[in-house]
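Presented below is the structure to which this report refers.
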Amino acid sequence: MYLHQPDLTMIHSSPYWKNYFETNLTHHRIDWNVPPCLTNEERSNILYSLKAWQLGETSDGVHLMAAAQKYAGRIEDPVYPGAVALFIKEEQKHGSNLGRYVDLIGEQRAQKDWGDTLFRKVRYFNTSMELWTITVIIVESAAQLFYQALHDATQCTLLKSICSDIITDEKRHIKFQNERLYIIFSRKNFYLRPLALTLYYALFFAVIHAVWWGHKKAFKAGGLTRKIFMQQMHLKFFTCMQFIHNVHREECIAEPSFV
């Protein structure tokens, strides 16, 4: 069990994160002996979005790994790609669990979705660790809200436990990515920082609107209105921006405590 929960204001080393992900992947929080149960109304409200997000969680991460390896070579951090590989593995675990649930309720897994197709095309051409990192932060923040809405949209105990497991992981995923963006941003030339912030916000604005319009039915079924979704996403985004502007942090090189 992972006992030590570090101060969220700290910056941690790549070995720390590699050890964290290795340990977290050994945790099994879902009881698959519990049968799925959905009403017809619940199924209608969530099915499209459930299948679309399941597809989105199944990326092989090849392009992200290429960017991570290139970046790690430049900053001389050979452990970082290993941490990213484990992060990708954890995302794939989410996709596998969601896929298993789709199978159990007798539905076919999605093979294509417009949102996933668009995101895959964009990342195909992306070799920048900075763009990867801010994009993942935005998408993972939206995922936190989506899986909470999915959790609340049905009375299915199995689906609720799958969503809770993902939400637990996503909190640390965002911390991992926020720390990396801080490191990247802190090394930027003073005059380049405003340009970077403009790019971050433009990407944020585009993604949150695409996510809402693509999945508003499921969000609403989980009790999340457009106003609340936008407010929560802005709060998450500006919390991230506040984090990367704090120049008083020092990197923590201590390893996590495990038992």
With respect to residue 91, determine if the residue is more than 17 Å from the chain's Cα centre (by Cα), among the charged types (D, E, K, R) and either closer than 30 Å to residue 187 by Cβ or modelled with pLDDT of 95 or more (or both).
no
Do you know which of the residues in the range 151-168 that are among the charged types (D, E, K, R) and more than 17 Å from the chain's Cα centre (by Cα) is nearest to residue 27 (Cα to Cα)?
160
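This table checks each residue for (1) surrounded by fewer than 17 Cβ atoms within 10 Å (Cβ to Cβ); (2) touching a Lys or Arg at 6+ places or on another chain (Cβ under 8 Å); (3) outside any helix (DSSP H, G or I).
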| position | (1), (2), (3) |
| --- | --- |
| 32 | yes, yes, yes |
| 41 | yes, no, no |
| 48 | yes, yes, no |
| 51 | no, yes, no |
| 59 | no, yes, yes |
| 64 | no, yes, no |
| 78 | yes, no, yes |
| 81 | no, no, no |
Going through the range 189-226 one residue at a time, which ones are closer than 30 Å to residue 77 by Cα and in a loop (DSSP other than H, G, I, E, B)?
189, 190, 191, 192
Taking the range 151-188, which residues are part of a loop (DSSP other than H, G, I, E, B) and crowded, with 23+ Cβ neighbours inside 10 Å?
154, 156
In this structure, is residue 47 over 16 Å from the mean Cα position of the chain (by Cα) and within 25 Å of residue 219 (Cα to Cα)?
yes
What residue, among those in the range 221-233 that are without any contact (Cβ under 8 Å) to a residue 12 or more places away in the chain and either within 16 Å of the chain's Cα centre (by Cα) or under 26 Å from residue 43 (Cβ atoms) (or both), is surrounded by the fewest Cβ atoms within 10 Å (Cβ to Cβ)?
225
So which residues in the range 55-84 are at pLDDT below 95 and within 15 Å of the chain's Cα centre (by Cα)?
55, 56, 57, 58, 59, 60, 61, 64
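The values are calculated or read from the model by the stated rules, or taken from the named source; none is laboratory data. A quick note: this is a predicted structure, and the numbers were derived from the prediction, not measured. Cβ coordinates were reconstructed from backbone atoms using ideal geometry, including for glycine residues, and neighbour counts include every protein chain displayed.
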